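The values are calculated or read from the model by the stated rules, or taken from the named source; none is laboratory data. All figures in this text were calculated on a predicted structure; none of them were measured in a lab. Note that each Cβ is placed from the backbone with ideal geometry, even for glycine, and that neighbours are counted across all protein chains shown.
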Amino acid sequence: MESGQSGSEIVVLKDVVKNYPLGKVSVPALRGINLTLHRGEFTALVGASGSGKSTLLNMIGCVDLPSEGKVFIDGVDVTQESDKALTRLRLHKLGFIFQSFNLVNVLTVYQNVEMPLLLQGGFSAKERKARVEKLLNQVGLSSHLKHRPNELSGGQRQRVSIARALVGQPKIVLADEPTANLDSRTGKEIIDLMHDINQSDGTTFLFSTHDQRVVSRVDRVIPIEDGLLLPEEPIEQKSSAQGETQGVALSG
Amino acid sequence: MDKGVLQLVFQLSIRSLWSHRVKNLVVGSIIFIGVFLLVTANAMLDSVSRGMESSITASITGHLQLYDKDAQDQLSMMGMMGNFLSKPHIGHVADFQTLRNEIEKHPNVKALIPMGTDTTIVYGGNRIDQAAAEIRQALKQLPPELTAQEKQQHLHAHQQHLQDLIDHLHREYQLIIKFSGKQTKTALALADLKQARKETFWQKLMLEPGPNLQFLETHIAPLMDDENPVFMEVIGTDLDRFKDTFPRFKIVKGGMVPSGQRGVLVNDTQYEKVIKDRIARVFDRVWEKRNEENILIKDDKELGQYVERRAKEYKQWLLSFESEARLDIQQALQTFLNAPEAELDTLIPEFLALSDENFLARYDFFYTHIAPKLDLYPIDIGDKITLRKFGEGESQQVIFYGTYQFEGVEKSGFSALFHLVDMTTFRDLYGFMTEEKQIEINKLKKEFSTVEWARINVEDELFSSEEGLIAEISLEAEKEIPEAEITLSSSQNLSRAERQARRLTKRYSQIEIDQGAVLSAAVVLHDETQIKKSRKEIEAIIQNKSLPVQVIDWQKASGYVGQMISVMKIILVIFIVFVFLVSMVVVNNAMLMSTINRYGEIGTLRAIGAGRSVIMGIFLLESTLLTLVAAFFGAIAGIITVKYFHAVGIAAPRFEFYFLFGGPRLFPDIDIYDLYLGPLVILAVSVLATFYPALLATRVPPIIAMSARE
């Protein structure tokens, strides 16, 4: 295991290249990415369609591996890990919020959120109940425990998805275009919710978006274009908040 | 797997089973039907197998058969039919007594019954001989002082019968000469026939029967073919113990062979269907088809042809009519057919032109007017018949005491396979040297050769030692053979014929029956469910006591008949494989569809941290649950069906099924074994069929979740 330089680094990417084979040629999606994400950051990955932001999220989410380079999650080089270890890593350290919510329709809202806890194991029914209910309360769905996902609106589903991503207390929550399937008002509500959680619990968020409007809420914007990161523009008004959240995360 | 993970797997499986309930209902129904069919078919087959087992074990083979350990071929008691030209070598067991003593010590052995099967031929006899014997007997009854004419009047019927037979032969020989020229042999025959047709021949015969009857027997009788010989497959056995041991055995006509005596019991089915008068059998068969199977002549091409073919044989049939009967039958038929002037030659074929419309009236007429005048059975109960070993000269005369049948399976072909003959006669026929036979041989030596006095004394001692064994002579036998009225003291002076006659009614002791060779021995058990265990123990006894026998189960011992069960088992296996394949394809397809439909869901589960084992678990559990539920209901439906048939029984559709059903109705029952076979097979199938789709599902990459659309 090779660790990043500092204890606050949760994600470190070193010279990450990802090529996708397309027929006989291989198409580069990422062309050498170096990136570090810190605890408690609320970060947006911004780029146009095909810029490589989804691919980058996949690398960080350990659902795909880079062609070249290294990806460290919480100090672990995931490129060296087995499928089993990666699965465990996703379960314990990562939370996912999907563009299409990806809830299991055959389960209730409650069961969907409970799922990661069951997979992690080691929780009593009581503990699970407390955690699930607390989170559903937090996302404003405490009255919808027994509902099926398909009985909910898009926004509500994404809230369930957020609760599910958070219930296992991940190191970082990854959200791939979480607002793409929502109208702009709901989308904004979702970003606000994630931001609120980031503020209150210090959970690290990284989400991709092509929506410039949401950028105003974030600590950090990472622009990506053609598989390469562009220079970041510092966001002054958020610099104070970063120290606060980091403290919360450390204490929590 | 962790408890939480298990809970999740269950949750997901049950939920998705429910949410795809229409599809699962279809898949479940197919599994349901598969299990239902397997359970019922298996139960039915088991019941048929038990029915057959009961048919066979309770009538012929017993539960196990013991036979020569050095036999070159396998004992197959019922496999011999149609195969008697190449008899298998099954050896023999020289000392039955010791075998019986040892084997019957086993607590589960009810009895050890000696057995042997052999093919014999019974000749029907010569009509001229028979008619000559009849007239000789009749002449004895008449006062000798009567004139030839008076005697001829008294014996008109007998004379007419003989003359008819001679006329028939005369016509035949005239034809032979016409077509193939006058050869010395035929010319002589014709001359003899002419001689016998002279009126003076008959007058002389009446006054002094000896020479002319002899002429008929030596010159005329050989010109006439003997009646069709009947092949009789016999089982030689200890008749008394056979009767007491095999529960299905019953006497139908006549009576049992007197205890310990020689005798033959003719199979009733064969008596009715092979031995009985050929034309009477036509009426019987049409009647049986009509009343028991609801088949009319016009419905059954084969039956129609049979009726026609037999009707053409009327000339032969006419010869079997006694002269007096001829006239009566002619008169009756003239009235019946409304043809006052017609001769029998035209009446009979017309009468035998049976149709569905005229059958009942003619059947009635046949049995009320014709049958009583006929010799319906060429051998009658009480007759002495001569069993001739097939292919060899060995022959034995025995009294035919009655017909027997195996209860419940009367109408099946299997029950008609064998006739039963006493063990002693069987041994003689088969050529085993018995003590009695040895004595007989010695006796012959004494009569025909010069022997030393000392040896005669020895033989006398031997013979007189046997005298104690001679017991009462049955009344039935007495009627048949008055020569058998012998006294013990005169036994040493008996002629060969007399000794033969005496043998017919001699009562053999159990020791005599047991001492000697047998071909095989049937082990009949008290508790037939213990066949396997008892077999092992019996084999141990054989080993310990070095008995020269080997054990074979009833199924093998019965030959091709027992193998029918194996054939049916194979059919069941094919059926199971078929159900297996269908279920496999269905489940496989359903699960593949499920994998494809749930691609996104699987990806999501993988992305949020579900391992491959979880995915595999979900799929396997889903199909297992589905199968278990469907199989449970399938089995319940099977039980209900079988229990229903157990209560009402299934009627045998044809007589051939009696044997399979162990009687006219099959009462199938179910046992635990039937119950778990079907569900287990299906369960294994579903798990197997799910395995590949499930494996594919575990291969769904988590990245799918990223692009998944709900």
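B:LEU64 fails exactly one of the following numbered conditions: (1) in contact with a His (Cβ under 8 Å, 6 or more places away or on another chain); (2) at pLDDT 85 or above. What is the number of that condition?
Condition (1) is where B:LEU64 drops out.
Any residue in the range B:67-76 that is within 30 Å of B:THR595 (Cβ to Cβ) and modelled with pLDDT under 85? It would help to see each step written out before you state the result.
Going through the range B:67-76, the residues within 30 Å of B:THR595 (Cβ to Cβ) turn out to be none.
The answer is no, given that none of the residues of the range B:67-76 is within 30 Å of B:THR595 (Cβ to Cβ) and modelled with pLDDT under 85.
Within the range B:113-151, restricting attention to residues that are among the hydrophobic types (A, V, I, L, M, F, W, C) and in a loop (DSSP other than H, G, I, E, B), which residue is surrounded by the most Cβ atoms within 10 Å (Cβ to Cβ)?
B:LEU146
Look at B:HIS154 and say whether it is out of contact with any Phe, Trp or Tyr (no Cβ under 8 Å at 6 or more places or on another chain), farther than 23 Å from B:LEU193 by Cβ and surrounded by 15 or more Cβ atoms within 10 Å (Cβ to Cβ). Steps first, answer last, please.
Working: out of contact with any Phe, Trp or Tyr (no Cβ under 8 Å at 6 or more places or on another chain): yes; farther than 23 Å from B:LEU193 by Cβ: yes; surrounded by 15 or more Cβ atoms within 10 Å (Cβ to Cβ): yes.
Yes.
Of the residues A:PHE72, A:PHE101, which is under 20 Å from B:PRO701 (Cβ atoms), in contact (Cβ under 8 Å) with a residue 24 or more places away in the chain, in contact with a Ser or Thr (Cβ under 8 Å, 6 or more places away or on another chain) and of a type in the set (Phe, Trp, Tyr)?
A:PHE101
Give me the pairs: first residue in the range A:202-226 and touching a residue at least 60 places away in the same chain (Cβ under 8 Å), second residue assigned to a strand (DSSP E or B) and not aliphatic (A, V, I, L, M), beta-carbon distance under 6 Å, and six or more apart or on different chains, which are they?
Every condition considered, the pairs that remain are A:PHE205/A:PHE42; A:LEU206/A:THR43; A:SER208/A:ASP176; A:VAL218/A:PHE42; A:ASP219/A:PHE42; A:ARG220/A:THR43.
For the range B:504-521, state whether one or more residues are surrounded by fewer than 18 Cβ atoms within 10 Å (Cβ to Cβ), farther than 29 Å from B:HIS106 by Cβ and modelled with pLDDT under 85.
no
Among A:GLU114, A:GLU133, A:GLU127, A:GLU151, which is surrounded by fewer than 20 Cβ atoms within 10 Å (Cβ to Cβ), within 30 Å of A:VAL78 (Cβ to Cβ) and either in contact with a Phe, Trp or Tyr (Cβ under 7 Å, 6 or more places away or on another chain) or of a type in the set (D, E, K, R) (or both)?
A:GLU127
Just name the residue that is farthest from A:LYS53 (Cα to Cα) out of those in the range A:213-231 that are assigned to a strand (DSSP E or B) and among the aliphatic types (A, V, I, L, M). Even if it seems obvious, please write down each step before you answer.
Keep residues of the range A:213-231 that are assigned to a strand (DSSP E or B), which gives A:220-225, A:228-229.
Adding the requirement that they be among the aliphatic types (A, V, I, L, M) leaves A:221-222, A:224, A:228-229.
Working: A:VAL221: 12, A:ILE222: 10, A:ILE224: 7, A:LEU228: 9, A:LEU229: 9 Å.
Looking at residues that are assigned to a strand (DSSP E or B) and among the aliphatic types (A, V, I, L, M), I get A:VAL221.
If you take the residues of the range A:81-109 that are aliphatic (A, V, I, L, M), over 13 Å from the mean Cα position of the chain (by Cα) and assigned to a helix (DSSP H, G or I), which of them is farthest from the other protein chains (Cβ to nearest Cβ)?
Among those that are aliphatic (A, V, I, L, M), over 13 Å from the mean Cα position of the chain (by Cα) and assigned to a helix (DSSP H, G or I), it is A:VAL109.
Output the residue which, of all residues in the range B:594-604 that are in contact with a helix residue (DSSP H, G or I) (Cβ under 8 Å, 6 or more places away or on another chain), within 21 Å of A:LEU174 (Cα to Cα) and crowded, with 22+ Cβ neighbours inside 10 Å, is farthest from the other protein chains (Cβ to nearest Cβ).
By that ranking, first place goes to B:ILE602.
Could you please find all residues in the range A:75-98 being within 22 Å of A:ILE33 (Cβ to Cβ) and either without any contact (Cβ under 8 Å) to a residue 24 or more places away in the chain or among the aliphatic types (A, V, I, L, M) (or both)?
Of everything in the range A:75-98, those that are within 22 Å of A:ILE33 (Cβ to Cβ) and either without any contact (Cβ under 8 Å) to a residue 24 or more places away in the chain or among the aliphatic types (A, V, I, L, M) (or both) turn out to be A:VAL76, A:VAL78, A:THR79, A:GLN80, A:GLU81, A:LEU86, A:LEU89, A:LEU94, A:ILE97.
Filter the range B:420-443 down to the residues that are modelled with pLDDT of 65 or more and β-branched (Val, Ile, Thr), then identify the one that is surrounded by the fewest Cβ atoms within 10 Å (Cβ to Cβ).
B:ILE441
Just to be sure before I move on: is B:PHE283 among the aromatic types (Phe, Trp, Tyr) and more than 30 Å from B:GLN305 (Cα to Cα) in the structure I sent? Break it down stepwise before answering.
On the way: among the aromatic types (Phe, Trp, Tyr): yes; more than 30 Å from B:GLN305 (Cα to Cα): no.
No.
Please note which helices (runs of 4 or more DSSP H) are completely contained in the range B:532-634 and include at least 1 residues that are over 30 Å from A:ALA165 (Cα atoms) and under 28 Å from the mean Cα position of the chain (by Cα). Talk me through it step by step, then tell me what you get.
Values: elements: B:554-557, B:560-597, B:599-607.
Fully inside the range B:532-634 and qualifying: B:554-557, B:560-597.
Determine, yes or no, whether B:PHE661 is assigned by TED's automatic domain parsing to the domain that holds B:GLY603, touching a strand residue (DSSP E or B) at 6+ places or on another chain (Cβ under 9 Å) and either at pLDDT below 80 or among the acidic types (Asp, Glu) (or both).
yes
For residues in the range B:296-314 being in contact (Cβ under 8 Å) with a residue 40 or more places away in the chain and hydrophobic (A, V, I, L, M, F, W, C), which is surrounded by the fewest Cβ atoms within 10 Å (Cβ to Cβ)?
B:LEU296
Collect the residues in the range B:1-16 that are surrounded by fewer than 21 Cβ atoms within 10 Å (Cβ to Cβ) and either more than 7 Å from every other protein chain (Cβ to nearest Cβ) or of a type in the set (Lys, Arg) (or both), keeping them in residue-number order.
If the condition is that a residue be surrounded by fewer than 21 Cβ atoms within 10 Å (Cβ to Cβ) and either more than 7 Å from every other protein chain (Cβ to nearest Cβ) or of a type in the set (Lys, Arg) (or both), then B:MET1, B:LYS3, B:LEU6, B:PHE10, B:ILE14, B:ARG15 are the ones that fit.
For the range B:349-383, which positions are surrounded by 13 or more Cβ atoms within 10 Å (Cβ to Cβ), of a type in the set (Ser, Thr, Tyr) and assigned to a helix (DSSP H, G or I)?
B:TYR363, B:TYR367
Give me a count of the residues in the range B:605-630 that are surrounded by fewer than 24 Cβ atoms within 10 Å (Cβ to Cβ), away from every other protein chain (no Cβ under 14 Å) and of a type outside the set (A, V, I, L, M, F, W, C).
Total satisfying the criteria: 1.
Condition test on B:TYR658, is it farther than 30 Å from A:GLY61 by Cβ and assigned to a helix (DSSP H, G or I)?
yes
Pick from the range A:181-205 the residues that are aliphatic (A, V, I, L, M) and within 15 Å of the chain's Cα centre (by Cα): which of them is surrounded by the fewest Cβ atoms within 10 Å (Cβ to Cβ)?
The residue in question is A:LEU193.
Mind listing whichever residues of the range B:195-227 are free of Cβ contacts under 8 Å to residues at least 60 places away in the same chain, surrounded by 13 or more Cβ atoms within 10 Å (Cβ to Cβ) and of a type in the set (Asp, Glu)?
none
Do you know which residues across the range B:19-59 are within 14 Å of chain A (Cβ to nearest Cβ) and in contact with a helix residue (DSSP H, G or I) (Cβ under 8 Å, 6 or more places away or on another chain)?
B:HIS20, B:LYS23, B:ASN24
Among (1) more than 12 Å from chain B (Cβ to nearest Cβ); (2) in contact with a strand residue (DSSP E or B) (Cβ under 9 Å, 6 or more places away or on another chain), where does A:ARG159 come up short?
(2)
Can you name the residue in the range A:119-142 that is aliphatic (A, V, I, L, M) and more than 14 Å from every other protein chain (Cβ to nearest Cβ) and is also farthest from the chain's Cα centre (by Cα) among such residues?
Initial filter on the range A:119-142 (aliphatic (A, V, I, L, M)): A:119, A:125, A:130, A:132, A:135-136, A:139, A:141.
Next, only the ones that are more than 14 Å from every other protein chain (Cβ to nearest Cβ) stay: A:130, A:135-136, A:139, A:141.
Details: A:ALA130: 23, A:LEU135: 16, A:LEU136: 18, A:VAL139: 16, A:LEU141: 21 Å.
Looking at the filtered set, the residue picked out is A:ALA130.
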